[in-house]
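A quick write-up on the structure given underneath.
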Amino acid sequence: MKILFRGILFLFLLESCVPQEKHFLTDKIYRDQVHEQFLKRKDLLKNREAAMLTVFNDSALSTEQREALEFLYAYMPLCDLADYDGQFFLDQVNIAFNARDYFSWGNTVPEALFRHFVLVYRVNNENLDTSRMVFFDELKDRISGMSMGDAVLEVNHWCHEKVTYRGTDGRTSAPLALVRTAWGRCGEESTFTAAALRAVGIPARQCYTPRWAHTDDNHAWVEAWVDGKWHYIGACEPEPELDVAWFTAPAKRAMMVHTNVFGLYNGTEEKNLETNLYSKINLLANYAETRQLQVNVLDIDGKPVAGADVKFKLYNYAQLYPIAETKTDSLGRASLLTGLGDLVVWVSKGEYYGYGKAPSGQNEVTVELAHQQGTGYDENMELVPPVEQKIKPIDESKVAENAGRFVYEDSVRNAYMATFMNREQAGILSKENDLNQDLVWKYINASQGNWGEISGFIKTNKANPYLFEFLASLSGKDLRDTPEAYLNDHLNEKTATEIAPRYAKDKDFAAKYILSPRIGIELIKPWRSYFNSKFQFSREEVTPGGIIDWINENIRIMDEENYYNCAITPIGVAELRISDSRSRDIAFVAACRAYGIPARLEPSTSKPQYFEKTRWVDALFEAPSPEVTVQAQVTFVNNPANTIKPQYEIHYTIAKFTDGDFMPLDYYGDPALEKYPATVSVDTGYYRLMVGSRANDGSVTTVTGYFTLKANEKKTLDIKMPEVEGKLQVMGTVDMNTIADLKDGSKKILKELSNGKGLMLCFIDPDREPSKHILQDLPALQQEFNTWNGGVVFMTPDDKLSAAFDASVFNGLPQQTVWTVDFGRTLLKTVSNTLQLEFRDNFPLTLYLSNNGGVLFFSEGYRIGIGENIMKTIGLEKTRK
């Protein structure tokens, strides 16, 4: 017995001496939940098992590595399951662990925060790359030995050396592609900055206001966790302190700030949405005053409605945009933590819908499902945003020191951008290859840091008759981040030869709808050769109907599984055999084009279509065979009473009723609506026309009409912008004999610059995003400003002058635009005193001055539509004379 006891004791002691591997997921209940979800996702990988699952067969994997990988696999969206491989994700795990072990703060970050906000390789809907490895190597010595807070500020300075703000399209470039370009929109800057912070082991997340209430736009920024608390920063816009940014004041007027959290998240923040794969958490209370808004939903008999879809909406870009969505509980109730402005609550279930206004001072609203599709009526509504609030200034010496760093960082970025191919070098390229110099420069200039790839593509395809038509079919971002090899997959001697006989007279059509790899806003991949080699059908064998049948038989649709809304590539769809609807539609178009069939996503609805004989035909995956959709015709007319020319998705939209809600048609930038009357063809159905006018305080007045369009009906819609109540008031006076210093060294008084008709005066900080917004927005009103022909003066304080600023980038400004310098902020101080304004560098500060110097309008800080408000003020001034 003693021998047996001693034996058991020996084995116990022996086992206790064996080192136990450390768990990444230390909570067993949570670990088991992750593993169960991992097994479910594993089932989705049957067609990509070799690419994605063999990484788990490595016996050298530690317990930490394995559990971290399982966590990522358990919750990753379909696009990541489809388009990357296991080694890519193992590399992401390893670099996250390396950063944790390298930096002093690594052992202070709680496990849950590290799991969700450091380990996770994806910030939002960006294309993925190996940036974390690159960023770690570049930053580790620069921030070594710093406190966590100082490291966050320093990383942001590094980000500013690499990237500055400029508006781009909706596809989010990968971080390394953004570095190559050196500029991007706020969604890209914040993705890039969050990725850089995660690369050095600092928890970071992209925060997003889906739409502002007081102006037509949205914004994204970054929160970083420092020593127990989340702090915000403006991405690529470093400040001397945390929780300081140009958007501090606008954020106090926000109605929603949220972020997506990858995986099963047990944080303390309120959740707007929770699924098995991710959560959308509500961060508004970090920025603004809030209220808990409760919604009660009743049917026409007054009974509570359970399971109804509830959308909380605000007016933005001439539509009611949802900032949060949920469903009613068993008692017909739903709620949202939101801001102190007006919201529209939209509810639907089955064939009924209803809506109601939730004013800022009201915490409860009841909505009755009383409307049905087909009812025609008109209504007016006024929506008021939260009131503007003042912010605390920061130490001016810190601001000055930070400005000095800005100058250096701009010089670093400018030095890099100076390495891009210039016009002279592009001219040599043109001559050597016997190509049109202007066209070559157009595409080389647009390619920015990707000029090496695009110049190589041009040289390779110099004799291709479709070269420039093909390049014209690409987006600017495609030119900036697509490798030459990918483009050569789509345009080469073989592809051009195959279509040339059929489309010799319409090269633009052939390039855009057959040769082009650009379909929606997905990342370009070499899918043409993939489809041709994978399926090996002759062109005569392949038909659109056959492609539809193959997709229906082989591709399973799981929309909610691709929750980041990053499109799966056509190759990924074909390999995974699972897709969301949008990625399936893109894959259909790609497959058609690969076999020489013209195809597209219809511009206004994004429906997949193929061209047959003389018409575009909808590809209907839910129907037994393709059909031609019956259409009607709508003509938009500009009402003579309008003081400015209405623009689609700025002043009005038309939306079709689909699945309980009105979905706006996408005609933004459509040439068909550039001149009035403007006629478009639309599907038959139930529609809503919304026309809105925004006042200087951010409030909106809307006029809305509901109507039905029948087959072959022709309907005229009068676009009359509603009047905003208010009086023209002189808020102060500026001496029009004040001398302005023009950038060319000459001097003029303001009265000369006004041309005897008044003056728009805009003080800007050219390095900051809000100032760039007005420069991007004003060209939309170029014709109106040119016709008015008053003065347009942009004035930069001498302490804000930036060598990095290139005014030529902002095409289409009014012809009378003048650039000036305000030395010592002399005029800025005068204007601030006149308006009794405590101006704290909340640029841009924009004024409209009458010819006598009366301030009839002013706007401080971030706001879209300033030019429009000035034109309205000019119109009111004329009526008062």
Applying the gyration tensor rule to the Cα atoms of region 126-279 (axes a ≥ b ≥ c; rounded if a/c under 1.5, else prolate if a/b exceeds b/c, else oblate), the class is rounded
A 1.4 Å probe over the protein heavy atoms gives region 25-83 a carbon and sulfur accessible-area percentage of 47 percent
Note on region 655-714: alpha-carbon gyration tensor, axes a ≥ b ≥ c; rule is a/c under 1.5 for rounded, else prolate if a/b larger than b/c, else oblate; result oblate
Heavy-atom accessible area per residue of region 216-353, all protein chains kept, 1.4 Å probe, expressed in Å², is 34 Å²
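Determine the per residue accessible area of region 58-215 with all protein chains present and a 1.4 angstrom probe, expressed in square angstrom. The partial results should precede the final answer.
Details: 4010 Å² over 158 residues.
Here the residues of region 58-215 average 25 Å² of exposed surface.
Which FRET efficiency value, to the nearest 0.05, do you get for residue 801 and residue 329 by plugging their Cβ-Cβ distance into 1/(1 + (r/R0)^6) with R0 = 45 Å?
For R0 = 45 Å, the calculated efficiency reads 0.20.
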For residue 324, the residues 5 or more places away or on another chain with a placed amide H closer than 5 Å to its own amide H are 312
So, for the Cα atoms of the chain, Rg and Dmax in Å stand at 29.0, 113
Filtered hits (lysines, Cα-Cα < 18 Å from residue 645, offset >= 8 within chain) -> 675, 720, 872, 878
Given pairs 162/748; 349/714; 477/772 and cut-off 27 Å on Cα-Cα distance, the over-length ones are 162/748; 349/714
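Ignoring ligands, DNA and RNA, what percent of the 1.4 Å accessible area of region 495-604 is carbon and sulfur? Kindly include the intermediate steps, with their values, before the conclusion.
Numbers: 2230 of 4480 Å².
The value for region 495-604 is 50 percent carbon and sulfur by accessible area.
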Under the rule rounded for a/c under 1.5, else prolate if a/b exceeds b/c, else oblate, using alpha carbon gyration tensor axes a ≥ b ≥ c, region 756-853 is classed as oblate
Scalar couplings 3J(HN,Hα) for region 737-748 by Karplus 6.51 cos²θ - 1.76 cosθ + 1.60 (θ = phi - 60°), nearest whole Hz, x for Gly and Pro, are 8, 4, 7, 10, 8, 6, 5, 7, x, 7, 10, 9
Here the equivalent ellipsoid of region 245-328, derived from its Cα gyration tensor, has semi-axes (largest first, whole Å) of 25, 19, 12
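Summarise the accessible area of region 820-881 (1.4 Å probe, protein heavy atoms) by the percent that is carbon and sulfur.
C and S atoms contribute 48 percent here.
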The simple spin-label model distance between residue 54 and residue 243, using points 7 Å out along Cα→Cβ, in nm, is 5.2 nm
Among trypsin sites (Lys or Arg not before Pro) in region 566-617, those in a DSSP loop whose Cβ has at most 12 other Cβ atoms within 10 Å are 613
Result for region 464-518: accessible area per residue, probe 1.4 angstrom, in square angstrom, of 41 Å²
For residue 505, counting only lysines whose alpha-carbon sits under 17 Å away and dropping same-chain residues fewer than eight positions off, the answer is 613
In deg cm²/dmol, rounded to the nearest 500, the helical mean residue ellipticity at 222 nm of the chain, built from -39500 (n - 2.57) for every DSSP H run of length 4 or more, is -10000 deg cm²/dmol
Checking rank on 678-687, 808-817, with mean other Cβ inside 10 Å and highest first, the result is 678-687, 808-817
Any aspartates and glutamates whose Cα falls less than 14 Å from that of residue 494, other than same-chain ones fewer than 8 residues away, would be none
Heavy-atom accessible area with a 1.4 angstrom probe orders 173, 360, most exposed first, as 360, 173
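The values are calculated or read from the model by the stated rules, or taken from the named source; none is laboratory data. Keep in mind the model is a prediction, meaning the values are calculated, not measured. Cβ atoms come from the backbone with ideal geometry, glycine included; neighbour counts cover every protein chain shown. Heads up: the accessible areas ignore ligands, DNA and RNA and are worked out on the full protein's heavy atoms, side chains in. Shrake-Rupley method; radii C 1.70, N 1.55, O 1.52, S 1.80 Å.
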